Amino acid sequence: MTTQLRSAATLVAVFTMMLGLAYPLAMTGFAGAVFPEQAAGSLVERDGRIVGSALVGQAFSGPGYLHPRPSAAGGGYDASASGGSNLGPTSERLRERLATDSAALRAQYGVSTLPADAATMSASGLDPHVSPHYARIQAARIAEARGMAREDVLRLIDLAEEGRTFGFLGEPRVNVLSVNLALDEMAAGRDGG
């Protein structure tokens, strides 16, 4: 029995060292060497200040900004509360929220149909992207709020559009933070800032 306990304790110690220390350190080193920006969180810096991450959504609610998709993360894009709402397709609460939000968005943008991401929440609640369609239907509101031409806003959206990963995975998408930073830079340039 002592031999079996010693063998079990040795295996626990060996696997703890291998899988709890050696493997995580090796993967961290590999990621830092091969993908340094992503391993550091894909942080976005402006004027020497970190303003966000290209991988984590933020709440933008002003009329002059591209709005992200709805978030179930806390009070709105709270990374410490990330996760879905856990409301399933049979949930009456989900159906009511979708109907209310969709009607409000259709009226706001003057469209009869909306892309799914305009009213639905992502699984993490922190999605940094919206579909190109959802970004484009917001262009008129952004242009009006900022006193810009709608075509200029559409051009920024087109520049920020990312294609499918590896050409076949996922859908085309627009990074909300990229567009909003570009809008602010364009406004600062116009104002002489």
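Points to keep in mind about this one:
- Restricted to helices (runs of 4 or more DSSP H) entirely inside segment 1-102, those with at least 1 residues that are among the β-branched types (Val, Ile, Thr), out of contact with any helix residue (DSSP H, G or I) (no Cβ under 7 Å at 6 or more places or on another chain) and more than 29 Å from Ile137 (Cβ to Cβ) are 2-17, 23-34.
- Remark: pairs (first residue in segment 104-115, assigned to a helix (DSSP H, G or I); second residue surrounded by fewer than 16 Cβ atoms within 10 Å (Cβ to Cβ); Cβ separation under 7 Å; 6+ apart in sequence or on different chains) = Arg106/Ser112.
- Ile137 in the same structural domain as Ala107 (by the TED database), of a type in the set (A, V, I, L, M) and over 13 Å from Tyr65 (Cβ atoms): yes
- Segment 129-141, residues that are outside any loop (DSSP other than H, G, I, E, B), under 15 Å from Leu105 (Cα atoms) and of a type outside the set (A, V, I, L, M, F, W, C): His133, Tyr134, Arg136, Arg141
- Filter pass, Glu144 being of a type outside the set (A, V, I, L, M), under 24 Å from Leu177 (Cα atoms) and in a helix (DSSP H, G or I): yes
- Within segment 80-87, at least one residue is over 30 Å from Ala149 (Cβ atoms) and touching a Ser or Thr at 6+ places or on another chain (Cβ under 6 Å).
The values are calculated or read from the model by the stated rules, or taken from the named source; none is laboratory data. Predicted, not measured: the structure shown is a model, and the values here were computed from it. All Cβ positions, even for glycine, are placed from backbone atoms using ideal geometry, and neighbour counts span all protein chains on display.
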